[in-house]
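Taking it in order: structure first as structure tokens, then the write-up.
The numbers here are math on the coordinates, done by the rules we state, and not lab data. A quick note: this is a predicted structure, and the numbers were derived from the prediction, not measured. Don't worry about glycine lacking a Cβ; one is built from the backbone with ideal geometry, like all the others, and counts go over all protein chains shown.
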Amino acid sequence: MLGSLDTAPLAELASPTIRNPRTLSDVKETKHDEARDSGGRVARLIVRVRRRSYRTSSGQRHHENDKAAIEALEQSYNEAFNSKNVNAIMACYAPGKGLFVFDAVPPREYPSWDAYKRDWEGLFAAYQGPVSNTIAEQSITVVGPVAYGHNIQTAHFTAKDGSHTTAVVRATDVYRKIKGKWLIVQEHVSFPVDLATGKADLLSKP
């Protein structure tokens, strides 16, 4: 019975390498390709991570530069205030109808650059003596080409007769980057008010 069996299939099963001598080589090549593909994926991932890190770092630098530019704008404003230079003060604000202001004094609103300039001219005409202003608790947040901030300003005014007035106001500003330059586009200046008496707290006590 055994003698009559076809032993060829048994021989093939016993010696698979003889039937397909390239099998081992193919396996090695496949593994090599898989390793190469895996290495490529890792390399691409590294590139993406580096690009993302660069964009984050670059964005952070732009953010810091913009914040520094706005801080410099506020410093320029304050220096102009202390020198009673209305033109230099108004250089910190957006021109024309691009500016809107709620000031602490009447009228209720100043809807343009020209209107707000007249407000400043009236202030210095009323207080012809020395003035001084300081800015404290400055907070600035930059969001792309727009930013917002608030601060506390303490101003000392001297009238023509030598009398002195001190006012501590709360100022909130909206800034916009216009043609590469940061300018104030909206401003709100105010005092706290005692609703029972209707009187403003000119010293803005905390």
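Near Ala69, once Lys and Arg are set to +1 and Asp and Glu to -1 for all other residues with Cβ below 15 Å from its Cβ, the sum equals +1. Projecting label points 7 angstrom from Cα along Cα→Cβ for Asp119 and Lys199 puts them 2.5 nm apart. Ranking of Phe102, Phe157 by neighbouring Cβ atoms within 10 Å, starting from the fewest: Phe102, Phe157. Working from Cα pairs under 8 Å separated by at least six residues, relative contact order for region 52-200 is 20 percent.
Would you mind checking the pairs Lys177/Lys205; Lys67/Lys117; Lys177/Lys199; Lys84/Lys205 and listing those with alpha carbons more than 29 angstrom apart? Intermediate values should be presented prior to the final figure.
On the way: Lys177/Lys205 33 Å; Lys67/Lys117 26 Å; Lys177/Lys199 37 Å; Lys84/Lys205 26 Å.
With Cα atoms farther than 29 Å apart: Lys177/Lys205; Lys177/Lys199.
Neighbour counting of Cβ atoms within 10 Å sorts the residues Trp120, Trp113, fewest neighbours leading, into Trp113, Trp120. This model, with +1 at the C-beta of Lys and Arg and -1 at the C-beta of Asp and Glu, gives region 74-193 a dipole about its Cα centre of some 340 debye. Among residues other than Ile140 with Cβ under 10 Å from its Cβ, the summed charge is -3 (Lys and Arg +1, Asp and Glu -1).
Within a Cβ distance under 13 Å of Ala94, other residues only, what is the Lys/Arg minus Asp/Glu net charge? Let's see the in-between values first.
Working: positive: Lys97, Lys117, Arg176, Lys177, Lys179, Lys181; negative: Asp114, Asp173, Glu187.
Net local charge, Ala94 excluded: +3.
What percentage of all Cα-Cα pairs in region 52-200 are separated by more than 20 Å? Walk me through the numbers on the way to the answer.
Numbers: 5746 of 11026 pairs.
Here the long-distance tail beyond 20 Å is 52 percent of all Cα pairs in region 52-200.
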